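Let me begin by presenting the structure, written as structure tokens, before commenting on it.
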Amino acid sequence: MSYAHDHLIPIVDEGLGNSAYLAYLGDGRALAVDSSLDLRALRKAAAKRGLRVAFAADTHLHADFLTGAVQLATEEGATVLAAAAGHRAFPHIPLADGDEAGLGGLRLRALATPGHTGEHLSYLLLDGSRELGVFTGGSLIVGSAARTDLLGASRTEELARAQYRSLRRLAMLPDATAVWPTHGAGSFCSAPPGTARVTTIGAEKASNALLAAPDEDTFTGRLLASLGSYPAYFARLAEVNRRGPAPVAGAPGLAPLTPAGLRSLPGRGGQVIDVRPIADFAAGHVPGAVSIPLREQFATWLGWLVPDGVPLGFVLAGGQDPAEVAWQALKVGYEDLAGQLDGGMAAWHADGGPAETTGLVTAGRIGSRPVLDVRQAAEYASGHIPGAIHVELGDLPARIQDSPAGAVVMCGHGERAMTAASLLQRAGHRGLAVLAGGARDWEAATRRPLQEGP
């Protein structure tokens with residue numbers, strides 16, 4: 001039986017597309033690798049098995065979430081392991097290439113694998129001389145390699161070439177070695193995203209097109225050609241992780257806000273975020289509110305579209321969990337959570353607050369109206385309504401003027417489209433509608449083919 005089957009527990013964050021890992025070390029101790037600040041699932045898994053996290057290792061300075069290593073050190077006394085080249089400003093054991101950390105029976109060997117970031121380490125888990133598996137973070141991932149443009153355009157090609165050498169080094173491990181990446185399906189760090197989350201060295205040698213590249217130039221060209229956009233907040237989290245995020249005290253939630261308190265937020269530079277389902281938002285919302293429905297991808301779009309460091313007030317529907325909102329905001333660096341509208345929209349209406357509505361249309365009722373498609377470029381190219389104007393949602397705040405008047409806004413299902421419509425409404429656009437569905441629904445309703453290509 002493999003080590004992974006018996007003793008390794010992946011902790012998957014579907015929204016960010018990332019995996020942390022909880023590895024059993026014996027004697028009730030565990031190693032946590034690449035854990036985020038939202039430790040709820042990891043702690044639940046550890047408690048179920050009676051484990052205490054004795055070590056917390058990070059493969060790189062994460063740009064897509066705040067590390068949970070400092071929290072684990074503070075609350076559980078975990079020893080933090082990280083790259084010496086990362087110059088972290090909190091207590092940790094700094095590791096360089098070839099350094100090993102004894103875990104009490106098992107060992108963790110650091111392998112310098114720059115590319116995704118400059119200071120990136122992979123960790124080879126060893127039982128004596130036997131390779132149990134390798135935590136590859138953002139180097140070798142399933143079917144690909146993680147993106148290399150997070151440190152800016154001036155270093156993208158340099159890091160892509162480093163990524164080539166890192167993957168070649170990892171490919172020298174025995175074929176049976178398990179590969180446990182951090183980035184996977186749904187992660188904007190993947191390039192491009194796949195579906196599986198774990199693999200083996202042998203499987204990647206057999207099927208990974210990047211690993212099969214005959215030379216460094218070919219590899220670099222293929223990797224750079226696969227890079228799409230990524231969330232704006234990636235630019236700031238690596239430095240927060242280098243300094244060490246402040247530990248979270250207690251159980252986060254959202255304090256109650258009166259309608260007057262919510263109304264005052266814009267005057268203080270704050271924003272109102274409506275996390276209700278799109279039908280609720282369409283039926284009536286606080287003017288100026290940004291619609292970001294509470295779902296697995298909530299943190300990504302909050303971080304992409306909302307400035308940090310400003311007070312945020314939230315509007316929830318009945319039954320939505322304030323703690324889930326708070327944790328998703330905290331794990332991507334939003335700490336100024338002013339609270340939630342106490343009593344929801346019913347309280348807003350009772351207080352005489354004005355409300356705006358947004359139209360919802362089905363695919364068969366678009367007619368001749370202009371269409372604004374806010375999906376990612378690869379989604380748009382795979383099939384879009386002929387004549388649709390394309391602006392990725394992440395680019396929309398800077399391209400408000402590119403949206404035609406009276407447009408039907410669309411995405412894959414409706415959530416991103418409603419976010420886009422709320423941004424347009426806040427900028428003064430009127431007569432908008434959101435497609436309840438996606439491009440395939442239009443194809444089925446009209447019996448007309450979608451257009452492919454950019």
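The values are calculated or read from the model by the stated rules, or taken from the named source; none is laboratory data. These numbers were taken from a predicted model, which means no experiment stands behind them. Reconstructed Cβ throughout: ideal geometry from the backbone, glycine too, with neighbour counts over all protein chains shown. All accessible areas refer to the heavy atoms of the entire protein, side chains included, with ligands and DNA or RNA removed. Shrake-Rupley method; radii C 1.70, N 1.55, O 1.52, S 1.80 Å.
Test Val434 against the stated conditions and say whether it is over 22 Å from Leu294 (Cα atoms) and either open to solvent by less than 20 Å² (accessible area, probe 1.4 Å) or in contact with a Ser or Thr (Cβ under 9 Å, 6 or more places away or on another chain) (or both).
Values: over 22 Å from Leu294 (Cα atoms): no; either open to solvent by less than 20 Å² (accessible area, probe 1.4 Å) or in contact with a Ser or Thr (Cβ under 9 Å, 6 or more places away or on another chain) (or both): yes.
No.
Yes/no per residue for (1) modelled with pLDDT of 95 or more; (2) touching a Pro at 6+ places or on another chain (Cβ under 9 Å); (3) open to solvent by less than 30 Å² (accessible area, probe 1.4 Å):
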position	(1), (2), (3)
Gly128	no, no, no
Thr136	yes, yes, yes
Arg147	no, no, yes
Met172	yes, no, no
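Just the residues that are small (Gly, Ala, Ser), out of contact with any His (no Cβ under 8 Å at 6 or more places or on another chain) and assigned to a strand (DSSP E or B), please, taken from the stretch 20-35. First the steps, then the outcome.
Of the residues in the stretch 20-35, the ones small (Gly, Ala, Ser) are 20, 23, 26, 28, 30, 32, 35.
Right, trim to out of contact with any His (no Cβ under 8 Å at 6 or more places or on another chain) and you get 20, 26, 28, 30, 32, 35.
Ala20, Gly26, Ala30, Ala32, listed by residue number.
Can you tell which of Ala420, Ala444, Ala407 is out of contact with any Ser or Thr (no Cβ under 9 Å at 6 or more places or on another chain), of a type outside the set (S, T, N, Q) and either surrounded by fewer than 15 Cβ atoms within 10 Å (Cβ to Cβ) or under 15 Å from Trp301 (Cβ atoms) (or both)? So that I can check it myself, show each step before the final result.
Working: Ala420 fails: out of contact with any Ser or Thr (no Cβ under 9 Å at 6 or more places or on another chain); Ala407 fails: either surrounded by fewer than 15 Cβ atoms within 10 Å (Cβ to Cβ) or under 15 Å from Trp301 (Cβ atoms) (or both).
After ruling out the rest, the residue left standing is Ala444.
Search the stretch 72-96 for residues that are of a type in the set (Phe, Trp, Tyr) and pair each with any residue that is crowded, with 22+ Cβ neighbours inside 10 Å when their beta-carbon atoms are under 6 Å apart and the residues are at least 6 apart or on different chains.
If the second residue must be crowded, with 22+ Cβ neighbours inside 10 Å, the pairs left are Phe90/Val70.
So which of Glu119, Glu100 is within 17 Å of Leu237 (Cα to Cα), surrounded by fewer than 24 Cβ atoms within 10 Å (Cβ to Cβ) and of a type in the set (Asp, Glu)?
Numbers: Glu100 fails: within 17 Å of Leu237 (Cα to Cα).
Testing whether each residue is within 17 Å of Leu237 (Cα to Cα), surrounded by fewer than 24 Cβ atoms within 10 Å (Cβ to Cβ) and of a type in the set (Asp, Glu) leaves just Glu119.
Of the residues Ala279, Ala260, Ala246, Ala238, which is assigned to a loop (DSSP other than H, G, I, E, B) and not charged (D, E, K, R)? Before the answer, list the steps.
Working: Ala279 fails: assigned to a loop (DSSP other than H, G, I, E, B); Ala260 fails: assigned to a loop (DSSP other than H, G, I, E, B); Ala238 fails: assigned to a loop (DSSP other than H, G, I, E, B).
Result of the check over Ala279, Ala260, Ala246, Ala238: Ala246.
Scan the stretch 371-389 and tell me whether some residue there is open to solvent by 10 Å² or more (accessible area, probe 1.4 Å), out of contact with any Pro (no Cβ under 9 Å at 6 or more places or on another chain) and assigned to a strand (DSSP E or B).
Taking every residue of the stretch 371-389 in turn, none turns out to be open to solvent by 10 Å² or more (accessible area, probe 1.4 Å), out of contact with any Pro (no Cβ under 9 Å at 6 or more places or on another chain) and assigned to a strand (DSSP E or B).
In the stretch 107-116, how many are open to solvent by 20 Å² or more (accessible area, probe 1.4 Å) and assigned to a loop (DSSP other than H, G, I, E, B)?
Going through the stretch 107-116 one residue at a time, the tally reaches 1.
From the set of residues in the stretch 345-367 that are among the charged types (D, E, K, R) and more than 33 Å from the chain's Cα centre (by Cα), which is most open to solvent (accessible area, probe 1.4 Å)?
First, pick out the residues of the stretch 345-367 that are among the charged types (D, E, K, R): 351, 356, 365.
So of that shortlist, the ones also more than 33 Å from the chain's Cα centre (by Cα) come out as 351, 365.
Values: Asp351: 84, Arg365: 186 Å².
That would be Arg365.
Which residues, taken from the stretch 153-170, are buried (at least 16 other Cβ atoms within 10 Å of the Cβ), among the small types (Gly, Ala, Ser), free of Cβ contacts under 8 Å to residues at least 60 places away in the same chain and more than 26 Å from Leu8 (Cα to Cα)?
Ala162
Does Thr74 count as at pLDDT 95 or above, farther than 26 Å from Thr200 by Cα and of a type in the set (Ser, Thr, Tyr)?
On the way: at pLDDT 95 or above: yes; farther than 26 Å from Thr200 by Cα: yes; of a type in the set (Ser, Thr, Tyr): yes.
In short, yes.
List pairs: first residue in the stretch 223-250 and touching a residue at least 12 places away in the same chain (Cβ under 8 Å) and more than 14 Å from Phe65 (Cβ to Cβ), second residue open to solvent by 40 Å² or more (accessible area, probe 1.4 Å) and polar (S, T, N, Q) anywhere in the structure, Cβ distance under 6 angstrom, at least six positions apart or on different chains.
Close Cβ pairs satisfying both conditions: Pro247/Thr74.
Take the stretch 310-328 and flag every residue that is among the small types (Gly, Ala, Ser) and more than 17 Å from Leu262 (Cα to Cα). Write out each step before concluding.
So in the stretch 310-328, the residues among the small types (Gly, Ala, Ser) come out as 313, 317-319, 323, 326.
Result: Gly318, Gly319, Ala323.
Give the residues of the stretch 67-85 that are touching a Lys or Arg at 6+ places or on another chain (Cβ under 7 Å) and under 19 Å from Pro181 (Cβ atoms), sorted by residue number.
Ala82
Output the residues belonging to the stretch 196-215 that are assigned to a loop (DSSP other than H, G, I, E, B) and in contact (Cβ under 8 Å) with a residue 24 or more places away in the chain. Outline the logic, then answer.
So the first thing to find is which residues in the stretch 196-215 are assigned to a loop (DSSP other than H, G, I, E, B), and the list is 196-198, 208-215.
Those that are assigned to a loop (DSSP other than H, G, I, E, B) and in contact (Cβ under 8 Å) with a residue 24 or more places away in the chain: Ala196, Arg197, Val198, Asn208, Ala209, Leu210, Leu211, Ala213.
If you go through the stretch 290-304 one residue at a time, do you hit one that is open to solvent by 50 Å² or more (accessible area, probe 1.4 Å) and more than 15 Å from the chain's Cα centre (by Cα)? So that I can check it myself, show each step before the final result.
From the stretch 290-304, those open to solvent by 50 Å² or more (accessible area, probe 1.4 Å) are 295-297; that's our starting set.
Then keep just the ones that are more than 15 Å from the chain's Cα centre (by Cα); that gives none.
No: zero hits.
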